[in-house]
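For reference, the structure is listed below as structure tokens.
The values are calculated or read from the model by the stated rules, or taken from the named source; none is laboratory data. Small disclaimer: the values here were computed from a predicted structure and weren't measured. So basically every Cβ, Gly included, is an ideal-geometry build from the backbone, and we count neighbours across all protein chains shown.
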Amino acid sequence: MSQTITIAVTNGTHDTIKLEKEILQPWQIDYVTGDCKTEEETIQLCKDADIILTTSAPLTAKVIKNLPQCKMILRYGIGVDNIDLEAASSLQIPVVNVPDYGVVVVAEHTVALLLASVRKIPQVVQHVKNRNWDYPDLAPMYELQGKTLGLAGFGNIARAVAKRMKAFDMRVIAYDPYISEDVFVQHSVENANWGKVLAESDVVSVHLPLTPATQHWIGREALQKMKASAYLINTSRGGVVDTDALVEALGEGSIAGAALDVLEKEPPPADHPLHAFDPCIITSHCAHYSEESSRRLHEYAGLEVARFLRGERPKHIVNRVEPILTPVLKIGGYNHDKS
């Protein structure tokens with residue numbers, strides 16, 4: 001008799017996991033779904049789950065210790081800051097992410113924010129709506145050719161941004177102590193120290209995971225080291241930027257502007273202080289979204305679960321564990337294994 005697997009989807013419905021169900025059709029699976037926002041809700045939904053698929057539910061140490069059946073946690077997306085990795089590791093539960101589904105679309109959104117900032121597109125549009133055709137009111141605007149783009153982090157998304165901005169004849173420098181010099185050379189990007197990135201960049205684009213070490217990485221000290229004519233772009237995690245420090249910098253004019261797809265608290269209230277600054281563009285944490293990337297996200301998530309059920313090691317385990325890999329059912333299944 002086939003073993004029944006329970007999969008809990010903490011932030012979704014049966015309609016949102018149609019592709020995962022197609023991929024996992026060879027196995028006998030019970031799915032439970034919900035929209036967990038608290039620890040108690042997460043424990044209640046996931047208490048009998050063998051596998052958890054999550055987006056934003058708080059998988060804290062308290063929650064994880066109350067999930068006796070859990071054998072794998074998968075986070076839809078790249079960041080895993082809603083999951084206590086230490087607690088999962090202590091119980092030998094692999095935490096898996098999907099880092100490769102949205103590289104292109106996040107890079108494109110970053111470029112869009114960059115262009116909108118330096119060309120002041122939102123301000124120009126509003127001027128026209130107000131029947132003001134006098135664009136010199138919005139000076140200065142700049143060309144990108146010959147300017148310097150500084151990248152905080154040099155992972156896959158940052159590399160994709162670098163590739164695109166080189167087409168604008170920008171000089172690209174990056175700071176990432178975890179990346180080897182060979183990678184910088186391969187992408188023709190200068191490996192710079194953090195101080196140089198801040199001091200020389202006309203645009204600083206942030207591509208860092210949120211960890212205790214990167215919390216408020218962009219704070220008062222960093223912002224004060226940037227050029228007064230420079231722009232800050234953040235499409236990574238809101239907590240990497242100190243909101244109070246950014247409000248202060250924009251108010252003092254110590255940087256020219258900012259474009260943010262992520263904030264420390266989302267969504268921002270109507271009276272959020274950043275709304276007061278015309279040179280601050282805020283988009284709704286949508287950099288990851290396109291029709292293509294959404295399909296890839298669900299497909300790649302399903303494929304990772306399928307590997308685990310076949311007794312294979314998932315491709316993208318983010319914590320330090322050696323998971324117990326036992327085939328649940330020796331059967332082929334979905335064969336479009338391209339993640």
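Checked against (1) among the acidic types (Asp, Glu); (2) at pLDDT 95 or above; (3) assigned to a helix (DSSP H, G or I), GLU143 passes all but condition (3). Scanning the range 229-261 for residues that are among the hydrophobic types (A, V, I, L, M, F, W, C), over 17 Å from the mean Cα position of the chain (by Cα) and not in a loop (DSSP other than H, G, I, E, B) yields ALA245, LEU246, VAL247, ALA249, LEU250, ALA258.
So which residues in the range 212-254 are out of contact with any helix residue (DSSP H, G or I) (no Cβ under 9 Å at 6 or more places or on another chain) and surrounded by fewer than 17 Cβ atoms within 10 Å (Cβ to Cβ), if there are any at all? Hits for the range 212-254 are PRO212, ALA213, ALA228, SER229, GLU252, GLY253. Inspect the range 193-200 for any residue being touching a Leu at 6+ places or on another chain (Cβ under 6 Å) and buried (at least 20 other Cβ atoms within 10 Å of the Cβ) and give the result as yes or no. No, the range 193-200 contains no residue that is touching a Leu at 6+ places or on another chain (Cβ under 6 Å) and buried (at least 20 other Cβ atoms within 10 Å of the Cβ). Among the residues of the range 88-104, those identified as over 17 Å from SER56 (Cα atoms) and either of a type in the set (D, E, K, R) or touching a Phe, Trp or Tyr at 6+ places or on another chain (Cβ under 7 Å) (or both) are ASP100, TYR101.
For the criterion of being surrounded by 16 or more Cβ atoms within 10 Å (Cβ to Cβ), modelled with pLDDT of 95 or more and not assigned by TED's automatic domain parsing to the domain that holds SER236, VAL328 fails. Once the range 265-315 is narrowed to residues that are without any contact (Cβ under 8 Å) to a residue 12 or more places away in the chain and over 20 Å from THR10 (Cα atoms), the residue that is surrounded by the most Cβ atoms within 10 Å (Cβ to Cβ) is ARG307. A count restricted to the range 1-52 and to residues that are among the charged types (D, E, K, R) and closer than 17 Å to ASN66 by Cα stands at 7. Residues of the range 21-39 being under 22 Å from the mean Cα position of the chain (by Cα) and touching a residue at least 24 places away in the same chain (Cβ under 8 Å), which ones? Within the range 21-39, ASP35, CYS36 meet the criteria.
Yes/no per residue for (1) in contact (Cβ under 8 Å) with a residue 60 or more places away in the chain; (2) in a helix (DSSP H, G or I); (3) of a type in the set (Lys, Arg); (4) not assigned by TED's automatic domain parsing to the domain that holds TYR76:
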{"position": "LEU114", "(1), (2), (3), (4)": "yes, yes, no, yes"}
{"position": "ASN132", "(1), (2), (3), (4)": "no, no, no, yes"}
{"position": "LEU151", "(1), (2), (3), (4)": "no, no, no, yes"}
{"position": "ARG159", "(1), (2), (3), (4)": "no, yes, yes, yes"}
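Hey, among the residues in the range 137-158 that are within 17 Å of the chain's Cα centre (by Cα) and under 14 Å from THR235 (Cβ atoms), which one's surrounded by the fewest Cβ atoms within 10 Å (Cβ to Cβ)? Looking at residues that are within 17 Å of the chain's Cα centre (by Cα) and under 14 Å from THR235 (Cβ atoms), I get ASN156. Among the residues making up the range 161-187, those that are closer than 22 Å to GLU143 by Cβ and without any contact (Cβ under 8 Å) to a residue 24 or more places away in the chain are LYS166, ALA167. Checked across the range 295-305, the condition of being acidic (Asp, Glu), within 29 Å of ILE5 (Cβ to Cβ) and at pLDDT below 95 holds for no residue. The criterion of being among the aliphatic types (A, V, I, L, M), in a helix (DSSP H, G or I), touching a helix residue (DSSP H, G or I) at 6+ places or on another chain (Cβ under 6 Å) and crowded, with 20+ Cβ neighbours inside 10 Å does not hold for VAL96.
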